[in-house]
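**Q** There's a structure below that I have some questions on.
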Amino acid sequence: MIKASQFGNDFLWGVATAAAQIEGAADTYGKGPSIWDTFSKKSGKIKKGHHPAVACDFYHRYKEDIALIKTLGFSVFRFSISWARIVPSGHGHVNEEGIRFYHQVIDECLKQGITPYITLYHWDLPQALQDEGGWTAYSINGAFNHFVTVCAKEYGDKVKNWIVMNEPFGFTSLGYMLGIHAPGETGLTNFFSAVHHAALAQADGGRILRAEIKQAYIGTTYSCSEIIPFTQNEADLQAAKRVDCLMNRLFIEPVLGMGYPMADWDVMEKFSINHSTWRHTERLAFDFDFIGLQNYFPLTIKYNAFIPVLQAWEVKAKSRKKPHTAMGWEINGDSFQNIIRQFAAYPKIKNIIITENGAAFHDKVVNGVIDDAERIAYFKLYLETLLKAKEEGINITGYMAWTLMDNFEWAEGYNARFGLVHTDFKTQERTIKNSGYWFQDFLGR
Ligand code: NOJ
């Protein structure tokens, strides 16, 4: 059986979470509303009308949850700071209770021998900033820089490891183009302006952390998916290439100083005409110490003339009779290796950490036991693949499982369970799933 020791002694093993998905205490202790608090109050936006108001109540239970991380055998805890808890109205005033809370979380990690990795933006924008246009407005960049500066000055003495952003493609596409995530905006104009301001913010955020924190270890994360053309026909190959520009290349290439992948995607070229700052490749670039890759599935893409802009269509795993998770996401170890290779081929990436990977299944609690064999098989497959990628010579230095415990899965509400630990959302009881015990064994603790 595969063991963590095969990855070497320095390899980091962690679990990842996000503030809005676990904390609860959404409108107390001085926190301002975030776009997810507002969005989830609108009817029909979140499955079954779920709401992040309480979530896993991590705000009050962080000590026992950090102890759980330790019990499972992980040594890294990736969590995010809620921007609206620190700067409730988006500008100016800093909420001391919020500041204190993250000091307590950090101190508890350090006390229990767990290394914190802090994400600065994991999708929960203060509503006050959305009222000014959110990521579509340039004013967000000043506000974000203020938030990053406050966090760096407060926590920089205790925390070395920082992640500026979580999956910028995720929140700009789902939240500003498709409207299925908060704030529910749609259209290409919104999308491309959100993209550009997020791309500026990721680089600015890196620069602020570098200036404020001596010996900071700074990264940022990207969702990534191998894009597999449905056939080798020219039309399918070109469709796959457009989707690759959008989903994999859009944010990493500007950070690496290459600018946006406009040459391979004419739509972007057209949208950029009125925006000279899109070509400010220097300001968009930052020399990150590591790049966080988050992989869940590959996409099989077919040309489709009826789809505006992309003229591409996903052929779902289910219709191709491929193994998939409860989200319908294809389980495919080779595609994990291929997408890691694709990113590793950028010469300027210094090292890669897998900052998220995991799966939702329809877990059942039987006599207090959650025998999630499918999740165990998933992690086994992905970790075996990761080992192969590492043995190929790719500089991968860590892996963080998504996620510690079942939590608020955005538009899916509490219906999609990704945790190694089961959360009973009525009682807040935590029960380690068999996949959690599997990790304990794998990590050899
Ligand atoms: C990526 C996101 O970062 C995380 O918040 C989400 O829960 C997982 N994917 C699973 O969908």
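The values are calculated or read from the model by the stated rules, or taken from the named source; none is laboratory data. Bear in mind that the values here come from a model prediction, so they are computed numbers and not experimental data. Neighbour counts run over all protein chains shown; Cβ positions are idealised from the backbone, glycine included. The protein model used for the area step is the full one, side chains on, heavy atoms only, and it has no ligands, DNA or RNA in it. Shrake-Rupley method; radii C 1.70, N 1.55, O 1.52, S 1.80 Å.
**Q** Take Phe288 and decide whether it is assigned to a loop (DSSP other than H, G, I, E, B) and within 16 Å of the ligand (Cβ to nearest atom).
**A** In short, no.
**Q** Would you pick out the residues in the range 167-183 that are open to solvent by 40 Å² or more (accessible area, probe 1.4 Å) and within 16 Å of the ligand (Cβ to nearest atom)?
**A** Leu174, Leu178, Ile180
**Q** Tell me which residues, restricted to the range 375-416, are over 30 Å from Tyr217 (Cα atoms), within 16 Å of the ligand (Cβ to nearest atom) and either part of a strand (DSSP E or B) or not hydroxyl-bearing (Ser, Thr, Tyr) (or both).
**A** Answer for the range 375-416, where residues must be over 30 Å from Tyr217 (Cα atoms), within 16 Å of the ligand (Cβ to nearest atom) and either part of a strand (DSSP E or B) or not hydroxyl-bearing (Ser, Thr, Tyr) (or both): Arg375, Ala411, Glu412, Gly413, Asn415, Ala416.
**Q** I'd like the full set of residues that are closer than 28 Å to Ile352 by Cα and of a type in the set (D, E, K, R), limited to the range 397-432.
**A** Of everything in the range 397-432, those that are closer than 28 Å to Ile352 by Cα and of a type in the set (D, E, K, R) turn out to be Asp406, Glu409, Arg417.
**Q** Counting just the residues of the range 14-36 that are of a type outside the set (Gly, Ala, Ser) and more than 16 Å from the ligand (Cβ to nearest atom), which one comes out surrounded by the fewest Cβ atoms within 10 Å (Cβ to Cβ)?
**A** Looking at the filtered set, the residue picked out is Thr28.
**Q** Oh, and also: From the list Thr325, Thr281, exactly one residue is open to solvent by less than 60 Å² (accessible area, probe 1.4 Å) and within 16 Å of the ligand (Cβ to nearest atom). Which is it?
**A** Residue meeting the stated conditions: Thr325.
**Q** Residues of the range 208-231 being open to solvent by 10 Å² or more (accessible area, probe 1.4 Å), more than 14 Å from the ligand (Cβ to nearest atom) and either polar (S, T, N, Q) or part of a helix (DSSP H, G or I) (or both), which ones?
**A** Ile208, Arg210, Ala211, Glu212, Gln215, Thr231 - these are the residues of the range 208-231 that are open to solvent by 10 Å² or more (accessible area, probe 1.4 Å), more than 14 Å from the ligand (Cβ to nearest atom) and either polar (S, T, N, Q) or part of a helix (DSSP H, G or I) (or both).
**Q** Would you mention how many residues in the range 170-225 are polar (S, T, N, Q), in contact (Cβ under 8 Å) with a residue 12 or more places away in the chain and more than 20 Å from Ile353 (Cα to Cα)?
**A** 5
**Q** Of the residues that make up the range 206-215, is at least one within 24 Å of Gly333 (Cβ to Cβ) and more than 17 Å from the chain's Cα centre (by Cα)?
**A** For the range 206-215, residues within 24 Å of Gly333 (Cβ to Cβ) and more than 17 Å from the chain's Cα centre (by Cα): absent.
**Q** Shifting gears a bit: Is there a residue in the range 153-160 that is under 22 Å from the mean Cα position of the chain (by Cα), buried (at least 19 other Cβ atoms within 10 Å of the Cβ) and more than 28 Å from Cys245 (Cβ to Cβ)?
**A** yes
**Q** If you don't mind, another one. Quick check on my filter: what residues within the range 184-202 are surrounded by 20 or more Cβ atoms within 10 Å (Cβ to Cβ), more than 16 Å from the ligand (Cβ to nearest atom) and under 19 Å from the mean Cα position of the chain (by Cα)?
**A** The answer is Phe191, Ala194, Val195, His196, His197, Ala199, Leu200, Ala201.
**Q** If only one of Val150, Val164 is crowded, with 24+ Cβ neighbours inside 10 Å and modelled with pLDDT of 95 or more, which one is it?
**A** Checking each option against the conditions leaves just Val164.
**Q** Condition test on Asp65, is it touching a Lys or Arg at 6+ places or on another chain (Cβ under 8 Å), open to solvent by less than 10 Å² (accessible area, probe 1.4 Å), part of a helix (DSSP H, G or I) and acidic (Asp, Glu)?
**A** Considered against the rule, which asks whether it is touching a Lys or Arg at 6+ places or on another chain (Cβ under 8 Å), open to solvent by less than 10 Å² (accessible area, probe 1.4 Å), part of a helix (DSSP H, G or I) and acidic (Asp, Glu), Asp65 comes out as yes.
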